Each structure stands twice: as C-alpha cells, then as structure tokens.
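Since the structure comes first, as structure tokens, the remarks are kept for the end.
The values are calculated or read from the model by the stated rules, or taken from the named source; none is laboratory data. Because the structure is predicted, anything quoted here is derived from the model rather than measured. With ideal geometry, Cβ positions are generated from the backbone for all residues, glycine too; neighbour counts draw on all protein chains shown. To get the accessible areas, we keep the full protein, side chains included, count just its heavy atoms, and leave off ligands, DNA and RNA. Shrake-Rupley method; radii C 1.70, N 1.55, O 1.52, S 1.80 Å.
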Amino acid sequence: MRVILALAVLILGSTGGEIAITHGMKATGEPARLRPLALLQFLRRAARNGWFWVGLPLMALSFYSLLVLLSWEPISLVIPASALSYVVGTLGAKYILGEQVSGARWAGVVLVCVGVALVAAG
Amino acid sequence: MASERRLRIKTLVMVLAMVVCANAGDLMLKRGMSHIGAVQLTASGLAQAFRLTAASGTIWIAIFFLTGFMLSYITVLSWADYSYVMPAGAFGYALLTLLAVLFLHESVSPRRWVGVVLICAGVLLVGQTKPRTTTVAGEAVA
C-alpha cells in the first residue's frame with residue numbers, strides 16, 4: 001500500500017510539475033541565443049513566472065518520493081511502474097496544455113511506455 | 001521548410017543533452033542512495049536520510065548532473081511540446097542498454113532487447129511529428 005501511494009505521488013507529482021513548468025516556459029518564450037549570458041537572462045525571466053514555482057515543489061516532492069521508493073524496492077520495479085507517467089503526461093499535454101497529440105504521437109508514447117517498462121524490468 | 005528543420009534539429013540536440021545529464025545523474029543517485037541504505041518513513045528516519053544525502057559527495061555529483069538536465073529540459077520546453085520532449089527523452093533507456101553492452105560487456109535479456117526496440121520505434125514515431133503544436137510567447141509578433 002505504501003509503495004502504491006509513493007508511486008502515485010511520484011507519477012502525479014512529476015507530470016503535474018512538468019505540465020506547470022511547460023506552461024510557464026511557453027509564457028517565458030525561448031532564449032534569444034544558446035549562450036551563457038542569454039541563458040542567464042532566460043533563467044531570470046523563467047524564475048519570475050509563477051507557474052515555474054508551482055511546478056518546482058511538485059517535482060521536488062516527486063523526486064523525494066523516488067528516493068524513498070529506490071530505498072525500498074529495486075530499480076527494476078520502480079522505473080517500469082513509473083513508466084505509466086508517459087501516458088499520464090501525454091493526457092495532461094492534450095487536455096491541460098492543449099497540445100495536438102496525433103495518432104503517430106500516441107502510438108509512439110505507448111511504444112515508449114511499454115518499452116521503458118520492459119527495459120527497466122531487465 | 002528550413003525553419004521547421006532547424007526547430008527539429010535544435011530540439012533533438014537539446015533532448016540529447018537532457019538524456020546524457022539525466023543518465024549520469026540517475027546513476028550517481030542510485031550509487032549514493034545504495035550507500036545510505038533503506039530510508040525509514042518516520043520523522044527521525046527522514047531527518048537522518050536528509051542529513052546523510054546532504055553530506056554525500058556522490059549525491060552532490062548527481063545533483064550537478066540533474067541540474068544540467070533541468071536546465072536543458074526547461075530550455076527545450078520553452079519552444080517544444082511537452083508531449084514531444086517527454087517520450088523522446090526515453091531514448092536514454094535504450095542508450096544506457098547499448099552502452100552497457102558495448103563498454104561493460106553486460107549480457108542483456110531478450111525481454112530488455114524487445115524493450116529497446118520498442119523505445120527506438122516509439123521515439124522515431126514521436127520524432128517525426130511536429131515538435132511544436134502550440135504558440136510560444138512572442139511568436140505571434142515575430
């Protein structure tokens with residue numbers, strides 16, 4: 001039970017956090033150039049976006065949940081189970097972020113999800 | 001279209017940076033947490049785990065790589081779809097398996113090879129879709 005609970009925190013925390021950060025980054029806009037100074041300005045702009053600060057604690061929570069899970073269970077169980085987040089994340093991208101998820105993209109996501117589960121299971 | 005091609009290349013280069021940093025970071029994290037041992041889910045257990053992780057050099061190296069991952073990740077998300085970047089990043093699992101075979105001469109189970117093939121096929125499929133399907137700030141006027 002505690003493993004399932006930690007897993008739910010891991011998956012919902014990471015996808016929720018990433019969706020909030022994606023939303024914030026789209027509002028921030030891309031860096032003018034991929035040079036240190038431009039990247040620093042870009043980071044400063046990103047840090048001023050509220051969504052960034054919604055996403056970060058969610059991802060930190062998910063990260064801590066991962067640390068705890070890895071101390072209980074082998075990595076070959078933790079990562080396959082967390083592969084579900086590919087599907088959860090794509091649903092979020094479509095319904096929350098309004099991205100167009102074509103049939104080809106869905107097929108790719110499902111293949112990746114099953115593939116990651118198989119690879120990590122060993 | 002030239003700009004579409006440029007967007008795709010830029011996105012894939014950034015995804016590669018993400019994958020390298022994430023793999024190095026996760027590896028160090030697993031090594032560090034294995035040294036620390038099982039975490040007890042009590043107030044004192046969590047506090048002790050926090051102290052031990054903060055004092056571990058391996059965990060700090062992991063955090064360095066994971067910061068690099070985070071930087072490349074938020075940068076690529078400023079122009080590309082989440083539903084493009086996230087599955088494309090799974091290429092890392094396939095890469096890790098290939099590296100383990102080539103350099104560590106590990107034996108890999110048939111099940112794991114099937115997984116690698118599925119990931120590669122999935123990433124190829126996702127990679128062919130448009131990297132961006134939403135508008136980005138500043139794009140409307142550009």
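Structural remarks
- Percent of Cα-Cα distances greater than 13 Å, calculated over region B:33-92: 71 percent
- Listed by chain and number, the lysines whose C-alpha is less than 29 Å from the C-alpha of B:LYS130, apart from same-chain residues fewer than 8 away, are A:LYS26, A:LYS94, B:LYS10.
- Working from Cα pairs under 8 Å separated by at least six residues, relative contact order for chain A is 33 percent.
- Expected 222 nm ellipticity per residue - DSSP helices of 4 or more, -39500 (n - 2.57), all of the protein assembly as shown, to 500: -26500 deg cm²/dmol
- Gained length - B:HIS35 relative to B:ARG6, 0.36 nm times residue gap less alpha-carbon distance: 6.0 nm
- Rotationally averaged projected area of region A:61-122 (alpha carbon convex hull; nm²): 4.6 nm²
- Shown here: the protein assembly as shown, whose C-alpha atoms stretch 54, 43, 35 Å along the first, second and third principal axes, sorted largest to smallest.
- Hydrodynamic radius of region B:20-142 per Kirkwood, over alpha carbon pairs, in Å: 17.3 Å
- Positive-end extreme of charge dipole, region A:1-107 - chosen from A:THR15, A:LEU91, A:GLY55 (charges on Cβ): A:GLY55
- Sequence-separation-based contact order of chain B, relative, with Cα cut under 8 Å and 6+ spacing, percent: 30 percent
- Using the 1.4 Å probe convention, the accessible area of chain B works out to 54 Å² per residue with neighbouring protein chains retained.
- Alpha-carbon centroids, region A:1-47 and region B:84-131: separation in whole Å: 23 Å
- Taking only protein heavy atoms and a 1.4 Å probe, the accessible area of region A:48-122 is 74% carbon and sulfur.
- Pairs of alpha carbons in chain A separated by more than 18 Å make up 61% of all such pairs.
- With all pairs of different C-alpha atoms in the average, the Kirkwood value for the hydrodynamic radius of region B:8-59 is 12.8 Å.
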